[in-house]
Amino acid sequence: MDKGNVLVIGNSGVGKSTLINAVLGENAEKKAITGRGISGTTTKLEIYENKDISFRLIDTIGFEPGLLKEMKAVNAVKKWSKDATKEGQEDSRINIIWFCVDGTSSKLFKKTIDSLMNATSIWKNVPIVVVITKSYSEPEREENKKMVRAAFAAKKKFTNRLNDIIPVVAAPYVIREGIYAPPEGITELIELTNNLLPEGFKAADKDVKEYNILRRRALSHAVVSAATLAGIAVGGVTLPLSDAAILGPTEALEIESIAKIWGIKKSEKSKKMLDTIVEVGTLSLAGKAIAGALKTIPGINIGAAVVNALIAGGIVFSLGEGASYVFEQIYMGNKTLSDIDWVRKLLEEKLTKSFIEKITEALKDVSENADKKQILETILKVFSK
């Protein structure tokens, strides 16, 4: 597949690497840039690509405070860009620029836009997509967009270069224990980028949709891991195991986050579906069945806090994985939001017999003094089989 090229540019610490990982996934390959750009670990540009998507990402050196450091980064991009236009290097022409802006910052300095335009001056007609990274707060997203539009408007000759603004959260971000911001905006950014490519590079809508299914799965798994860790923290107290309702808020955030990843719009039907899934997790057989089953498991010699944390994490993990499958089936058109009975049966099966078997295995595998991360590793290993 012929691929387009996206130049990823922005200040140091803005989260470009996390963004690249979210877009290209674990199958991304790093390509050496032989004979191009300026050598050295602080000025080298890196190319990343995934064989299944229509564009590669070119990661630039982040702009850093200080005139000399900033000019070094700008000159590295300019030198690479100049070399990329030479005969025989057409595969390195830039088609789109992602300008990454930190969503936690309240200002976008005009000087930063000057550096962007200076660094990419050779690509005068290339569209710019501003990617607002670390966009954790929904109320602040509109303010971030206004900030970007105002900053570009102040540079009149650059205004027409701004194609779109996409707020993203590239990976689950823990705000405080048990509360996190889920991934957002990644599949939208992939679709927009593909649409902006020249005709010869664009992937078919069907191929982009298939690729984005893989990304949605990966993002859903990331949410499940974050939620499981939160469940472990909630459950790591010596409360009665039958009181599975203590996991309700953790499960509700997990299910809502996964639904959003799979494009499930808010409606009466989706609310009923989400409520059903959470209800299965909090009021199903899980807590009571496990409490009774533990008495029959030989050789359990670990403290109550570790046992409770492991079981709570296991419930959250199983419910999240089940919800991911449910929402994927709805996204694919195989099921609808009205298939409540199917969902209830599917999740109750995940939280009864097979669940108890896995918990039994995990309890024998976890150490007596395991911390939260070690418990999470045990759950991921046993429950992902």
I'd like to verify a number: residues in the stretch 126-174 that are acidic (Asp, Glu) and within 18 Å of the chain's Cα centre (by Cα), how many? 1
Mind counting the residues in the stretch 353-385 that are of a type in the set (Gly, Ala, Ser) and open to solvent by 90 Å² or more (accessible area, probe 1.4 Å)? 0
Scan the stretch 349-375 and report the pairs whose first residue is without any contact (Cβ under 8 Å) to a residue 24 or more places away in the chain and whose second residue is surrounded by fewer than 15 Cβ atoms within 10 Å (Cβ to Cβ) and small (Gly, Ala, Ser), with Cβ atoms within less than 7 Å and a gap of 6+ or a chain change. GLN374/SER367
Are there any pairs, at least 6 apart or on different chains, whose C-beta atoms fall under 6 Å, with the first in the stretch 239-262 and under 16 Å from TYR136 (Cα atoms) and acidic (Asp, Glu) and the second at pLDDT 85 or above and part of a helix (DSSP H, G or I), and if so, which? GLU254/ALA227; GLU254/GLY320
If we take the stretch 140-243, then strands (runs of 3 or more DSSP E) inside it with 1 or more residues that are at positive phi, open to solvent by 20 Å² or more (accessible area, probe 1.4 Å) and among the polar types (S, T, N, Q) are none
Looking at the stretch 335-354, which of the residues that are assigned to a helix (DSSP H, G or I) and over 15 Å from ILE277 (Cβ atoms) is nearest to the chain's Cα centre (by Cα)? SER354
Is it true that some residue in the stretch 191-212 is touching a Ser or Thr at 6+ places or on another chain (Cβ under 9 Å) and closer than 27 Å to VAL280 by Cα? no
State yes or no: is GLU210 under 23 Å from the mean Cα position of the chain (by Cα) and more than 25 Å from SER105 (Cβ to Cβ)? yes
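The values are calculated or read from the model by the stated rules, or taken from the named source; none is laboratory data. Small disclaimer: the values here were computed from a predicted structure and weren't measured. Every residue, glycine as well, gets a Cβ built from its backbone with ideal geometry; the counts of neighbours run over all protein chains shown. Remember, those area values only see protein heavy atoms, side chains included, never the ligands or the DNA or RNA. Shrake-Rupley method; radii C 1.70, N 1.55, O 1.52, S 1.80 Å.
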